[in-house]
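Step one of this worksheet: look at the structure below.
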Amino acid sequence: MKSKEDYKKRVKARVLLLKEYILTNLFNKENITVFINEKWLLFILPLIYVFLIITPLIEWIAFIPDYLNISSINPQDYFGIIIGAISSIFGIVMAVVLLSVEFFKERISKDAYVNPLENQLIRNSIYTSISLIGISFLGYIQIESFTTSKSVSIGYYIGFIFIFYIYSVFPVLKTIIGKSSRIKSNVDLVNSISLNSFQNVSRQRFRDNLVEDDTLKILKKELDSYILSTNVTAYQKINDDIISKALTIITDGKNRQQCDIVIGGIIWLWRENSKTAIRASDNHYFETLWSYISDIYLYFADKKAPLLHLQDMHSFIYLDFFKLHEKLGNSIPLTNAMDSIEVSFKSNLTNNCPKQENLKRLARMFEEDGQYEPSSIDDSIQWDSINGLIGLMSKVQDCAINIGNKDLFEESIRRHQDICSDIYYGDYPIGNYQKRFILWKELTSSFYSSRKALEIGLYENTFDCFRIPKNLIVDLIERNYVKEKDLRVIISSYADYIILAFKEGKLSTDSLIGTLNEFCLIGVHCLKHYQKNPLAKKTVSYIIKVLKNLKKLAEKDLASINPNDYLNLKGKIKHFISVATDMDGFDPEKKPVKKWQKLLDNFQNISKEKEFSIIKWKIEEKPKK
C-alpha cells in the first residue's frame with residue numbers, strides 16, 4: 001500500500017510540474033508573442049485558406065472572375081503541378097543554402113556561426129514553402145472541380161501565392177549567398193570607412209570630440225582570422241580596398257593632418273596583422289605590404305605630394321618593419337622589398353623631386369667658394385625624404401646579414417650597383433650635384449654593409465661580399481664628372497675596407513677576379529689619362545700607396561700570411577709597370593714608373609708554398625740552365 005501511495009504522489013507531482021510548465025511556457029503571453037512574430041508565415045497562409053473554405057461569406061465575396069479560365073483545368077493536375085514545383089524549388093533553395101555555407105565555411109551573420117536555421121530569412125523561406133505545400137495539398141484532396149465561385153477563388157488564391165513565391169526565390173537566394181559570404185560583409189565594412197575610422201586607431205585618437213568608430217578594429221580581427229587560415233585571396237582583397245579607400249580620403253596628399261591620420265591608421269593595422277602573420281609564418285602577407293608601400297609612394301609621386309606627409313610610414317619601415325622581417329625569419333619578402341624601394345625611389349626622383357637650384361645646402365657641399373644662401377625648407381625636406389627612400393636598401397642589407405642569407409645580400413649589392421649605374425647613365429631630370437650626392441652616398445653605403453657582413457662572419461673573405469662598379473668609377477674619372485673630394489670619399493672608403501680585410505686575412509687577392517684585382521683595375525684603366533687628367537693621376541698614385549701599405553703590413557709577419565697574398569701584391573705592382581710602359585708610353589727611367597720599379601724590387605723573395613711545419617724544411621732550388 002505504501003508503495004502505491006508513493007507512486008501516486010510521484011505521478012501527481014509530475015502532473016503538477018507539467019501543468020506549471022504548460023502554463024508558464026506554452027501559454028505565456030511573451031512566448032506566444034515571440035512565436036507569432038517569428039513564425040507568422042507558418043500559419044497565416046493556412047488560416048486564410050481555412051477562412052476561404054469554411055466561411056459562408058465566400059459565396060458573397062467571390063472577388064476573382066475566372067479570367068484565366070481555370071474552371072477548365074482539372075484541380076488535381078493544377079494543385080499537383082504547384083506541389084511538385086514548390087517541392088523542387090524548396091529543394092534547390094536548401095541546397096544553395098548548404099552549399100554556400102560549406103563553400104565559404106564562414107559565418108551567416110556577424111555573431112552567430114554557421115547554422116542556417118538560425119537565420120530569419122532562411123526560416124521565412126522554409127515556412128512559406130511548407131505552408132504553400134500544405135494548402136496546395138488540402139486543395140488537391142478537397143476540391144474536385146472548379147465549378148463554384150468558392151473553388152475558383154481558392155484556386156486563384158493559391159495560384160497567386162505560388163507566383164509570388166517563384167518571384168521571391170531569386171532575391172532570397174541572393175540575400176542568403178550574400179549573408180553567407182564573410183568577405184562581402186567585410187568589403188561592405190571597408191566601404192563604410194571614413195577619416196574618423198582611421199583616427200580611432202592612429203596617434204591622434206586621444207583628441208577631444210572623437211566619435212567612436214571600431215571599423216578598423218573589427219577589420220583587424222577579420223584579417224587576423226584570414227591570415228591564420230591562410231586565406232590569401234580574402235585578406236588581399238580587403239587590404240586592397242582599404243588602401244584604395246585611404247588614398248581616396250587622402251585625395252592629393254597635400255593635407256598634412258589628413259595624411260597623418262590615414263597613414264597612422266594604416267600603420268597600426270599593418271603592425272598588428274604582421275604580428276599575426278609571423279605566428280602563421282605567412283610570407284605572402286609581408287610581400288603584399290611591400291606592394292602597398294610602393295603603391296602609396298607611386299601615388300604621392302603622381303600627385304607631386306610632399307613625402308614629409310609619409311613620415312610615419314617611413315619611420316615604421318625603417319624602425320619596425322625590418323625587425324618584424326627578422327622575427328619572421330624568412331628573406332623571401334625582402335626581394336619584393338627591394339623592388340618596392342627601387343620603384344618608389346625612381347618614381348619620386350623622376351616626378352616629385354625638387355630642382356637643384358632650390359637646394360642651396362646641397363650646392364654648398366660641392367662649391368668651395370659658394371656664398372651662403374637660405375634654402376627652401378620644403379624642397380630640402382623633400383630631397384632628404386627621397387634619399388631616405390633609397391637609404392632603405394641598406395636596411396635590406398642589414399636584415400640579410402642578421403638573417404644570415406647570402407643570396408639576398410649579394411642581390412642587394414647588385415641592386416646598389418644597378419641603381420648607381422642607372423642614375424649616372426639614365427635620363428633623370430635632376431642636376432649634376434644631385435647625381436653626385438646619390439652616387440657617393442650609395443657606393444659608400446654599400447661598402448660599409450659589405451664590411452659589416454665580413455665582420456660578423458657571414459663571409460670568409462671579400463670575394464662575394466665586396467663588389468665595386470669599376471667601369472662606372474673609371475667613367476666618372478675620365479669624364480671629370482665628379483670633383484676630387486667626391487672621388488676621395490669613394491676610393492678611400494673602399495681602400496679602408498680592403499686594408500682591414502687584409503689585416504684579418506680575409507682579402508680576396510686572386511690575380512684575375514679577386515677583390516684586390518677589381519680595386520687595382522680602377523688605377524690601371526686610369527693610366528691612359530695619367531698625363532692629362534689630374535683626377536686620374538691622383539687615383540693611380542693613391543692605389544699605389546694602398547698597395548705599398550699592404551706590402552708593409554704583410555712584411556711585419558710574413559710567416560702568418562698566405563704567401564700567395566704577398567705574391568699577388570707584387571704582381572699588381574708589376575702589372576701597373578707593364579701596362580704603363582708597354583701600352584701607355586710611360587718612360588721606365590722616369591717617374592712614376594721608376595718609383596714603382598723600386599717598390600717592386602723591394603719585395604722579398606718567398607716561396608709560393610706556405611710552411612706548415614715547426615722546423616722549416618729548406619728546399620734547394622735547381623740552378624737555371
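The residues of region 200-316 expose on average 43 square angstrom of accessible surface per residue, using a 1.4 Å probe on protein heavy atoms. The listed residues 167, 424, 318 rank as 167, 318, 424 when sorted by accessible area, largest first, using a 1.4 Å probe. Region 436-450 and region 550-612 have Cα centres separated by 30 Å. Among the chymotrypsin sites (Phe, Trp or Tyr not before Pro) in region 330-421, those placed in a DSSP loop whose Cβ has at most 15 other Cβ atoms within 10 Å are 372. Dipole magnitude for region 405-446: about 220 debye, using +1 per Lys or Arg Cβ and -1 per Asp or Glu Cβ, origin at the Cα centre. The distance from the alpha carbon centre of region 302-318 to that of region 223-289 is 16 Å, rounded to a whole number. The peptide list 563-569, 429-435, 594-600, 462-468, put in order of mean Cβ contacts within 10 Å with the highest first, becomes 462-468, 563-569, 429-435, 594-600.
Find the percent of Cα-Cα distances in region 556-611 that exceed 18 Å, and round it to a whole number. Tail fraction, whole percent: 40. Convex hull volume of the Cα atoms of region 214-370, normalised per residue: 123 Å³.
Looking at region 173-267, the trypsin sites (Lys or Arg not before Pro) that sit in a DSSP loop and have at most 13 other Cβ atoms within 10 Å of their own Cβ are 207, 254. Only one residue of 234, 284, 198 has its Cα farthest out toward the positive end of the dipole of region 181-314, where Lys and Arg carry +1 and Asp and Glu -1 on Cβ, and that residue is 198.
Here the translational diffusion coefficient of region 439-565 follows from Stokes-Einstein with Rh set to the Kirkwood radius across Cα pairs; for 25 °C and 0.890 mPa s it amounts to 164 µm²/s. Gap in Å between the Cα centre of region 453-487 and the Cα centre of region 337-414? Here the answer is 18 Å between Cα centres. Checking the Cα-Cα distances for 441/503; 245/346; 441/470 against a 22 Å cut-off, the pairs over it are 441/503; 245/346. The modelled label-to-label distance between residue 594 and residue 230, using points 7 Å beyond Cα along the C-beta direction, is 7.6 nm.
The loop-placed trypsin sites (Lys or Arg not before Pro) in region 501-552, going by DSSP, that have at most 15 neighbouring Cβ atoms within 10 Å of their Cβ come out as 532.
In the complete set of protein chains, residue-level accessible area for residue 365 is approximately 80 Å², probe 1.4 angstrom.
With contacts taken as Cα pairs under 8 Å at a separation of at least 6 residues, region 351-439 carries a relative contact order of 31 percent. Share of carbon and sulfur in the accessible area of region 362-516 stands at 45%, probe radius 1.4 Å.
The values are calculated or read from the model by the stated rules, or taken from the named source; none is laboratory data. Because the structure is predicted, anything quoted here is derived from the model rather than measured. Neighbour counts run over all protein chains shown; Cβ positions are idealised from the backbone, glycine included. All accessible areas refer to the heavy atoms of the entire protein, side chains included, with ligands and DNA or RNA removed. Shrake-Rupley method; radii C 1.70, N 1.55, O 1.52, S 1.80 Å.
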